[in-house]
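A quick write-up on the structure given underneath.
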Amino acid sequence: MSIPREELEKQLKAKAEEAIRKLLEALPDKSELKMADMERLIGDMGHDLMQGTMQDVAQSEQVEPSECICEACQVQMHKRGKRKKQVVTRRGEIKLERKYYACPECGHGSFPPR
């Protein structure tokens, strides 16, 4: 599931270019531009870019385990597709799509790796 570094770099550059384009479109006429406007627009751009980058990097670094064993039953868990999960980071929340596993014995679910 890991994305090659070159592909990740390409995606991140595209996000940065899009954020810059949106910033420039949002800038008011120079005669109306105040420091508070610049601070707000650039702050919003930085936050959005940081969140998107964090999400892309976290998603690309996921590795599927070769096997997933239930902690309670010690039996092989089965893949049950992908699920979206909200993850809280130091910089805010991001959404990740991760493989979900369920135990055929007890029904316990897991999003490895832990």
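Please treat every number below as a calculation from the coordinates, not as lab data. What you see is a predicted model, and the numbers here were worked out from it, not measured in a lab. All Cβ positions, glycine included, derive from the backbone under ideal geometry; neighbour counts span all protein chains shown.
Values computed for the structure shown
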{"read-out": "Folded to 0 to 90 degrees: helix 35-60 orientation relative to the chain principal axis, Cα", "value": "20 degrees"}
{"read-out": "Degrees separating the helix 5-26 axis from the principal Cα axis of the chain, which is the longest one", "value": "40 degrees"}
{"read-out": "The chain, helix-only ellipticity at 222 nm - DSSP H runs n ≥ 4, -39,500 (n - 2.57), divided by all residues, nearest 500", "value": "-15000 deg cm²/dmol"}
{"read-out": "Whichever aspartates and glutamates have a C-alpha closer than 16 Å to that of LYS79, once near sequence neighbours (fewer than 8 apart) are set aside", "value": "GLU64, GLU67, GLU71, GLU97, GLU105"}
{"read-out": "Whole-Hz couplings from phi, Karplus 6.51/-1.76/1.60, listed for region 71-77; x for Gly and Pro", "value": "5, 7, 9, 6, 10, 5, 7"}
{"read-out": "Relative counts (whole %) of C-alpha pair distances in region 45-114, using bins that are 5 Å wide", "value": "3, 16, 23, 19, 14, 11, 7, 4, 2, 0"}
{"read-out": "Nonlocal amide H pairs with MET77, under 5 Å, H built at 1.01 Å", "value": "CYS68, ILE69, CYS70"}
{"read-out": "Segment GLU6-GLN51, length gained on full extension (0.36 nm per residue, minus Cα span)", "value": "14.2 nm"}
{"read-out": "Nonlocal amide H pairs with HIS108, under 5 Å, H built at 1.01 Å", "value": "CYS103"}
{"read-out": "Unit charges at the beta carbon, dipole of the chain: most positive-side option, VAL88, MET77, MET54", "value": "MET77"}
